[in-house]
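Q: Encoded as structure tokens, here's the structure I'll be asking about.
Values in this text are rule-based calculations from the coordinates and carry no lab data. Since we're looking at a predicted model, the values are computed, not measured. Note that each Cβ is placed from the backbone with ideal geometry, even for glycine, and that neighbours are counted across all protein chains shown.
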Amino acid sequence: MSLNVRLLRRVRTQILKEPKQFIMATYFTSKPESYSSEIPREVPNCGTTACIGGWALSLAKDRQPSTFGEGIFGTADAAAEVLGLGDTAGDLFCTSNWPHQYRNRWFDTEDLDARARIAAERIDAFIKQHQRKKVKHG
């Protein structure tokens, strides 16, 4: 299985385009304020936020996040599959598994634009890391 870099870059672009519609606490929600680690906000567009995995599914299937429902069990596996992540999904989908230089900055800010930039940096680093592994073993 190979990493779907194109889709991951589309996710990155979407997160930076509308930070108010990005949340890492759950795959999909219309109530970000119900998660203690999240910053309350007015959610634009379809009124539903998505995490990295949620945006991957939404973009891959060309559907708005609101069409998936709240939380949605099994989303991690489906998102990992469309991105070609295999057993590395947790390294990208769980902020607590991010390398400290991203994780610490993520938890130290409540600025949505800053969080979007941090997530974009994490995605870029993840892609580079995966590409280095592929060259080493490929």
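Q: Which stretch or stretches of the stretch 1-45 have amide N atoms under 12 Å from the point lying 7 Å from R117's Cα along the Cα→Cβ direction?
A: none
Q: Based only on other Cβ atoms within 10 Å, what is the fewest-to-most ordering of E38, E18, E33? Intermediate results must be reported in sequence, preceding the final value.
A: Values: E38 19, E18 14, E33 11.
Starting with the residue having the fewest Cβ neighbours, the order is E33, E18, E38.
Q: Which of the three applies to the stretch 5-137, rounded, prolate or oblate, going by the alpha-carbon gyration tensor with a ≥ b ≥ c and a/c under 1.5 meaning rounded? Show your work: numbers first, answer last.
A: Working: a/c = 1.77, a/b = 1.28, b/c = 1.39.
Oblate, since a/c reaches 1.5 and b/c is not below a/b.
Q: Do the sum for the chain: with -39,500 (n - 2.57) for every DSSP H run of n ≥ 4, divided by all residues, what is the mean residue ellipticity at 222 nm, to the nearest 500 deg cm²/dmol?
A: It lands at -16000 deg cm²/dmol.
Q: Here is a follow-up. Could you state the angle between the C-alpha long axis of helix 5-17 and the longest principal axis of the C-alpha atoms of the chain, as a value from 0 to 90 degrees rounded to the nearest 10?
A: 30 degrees
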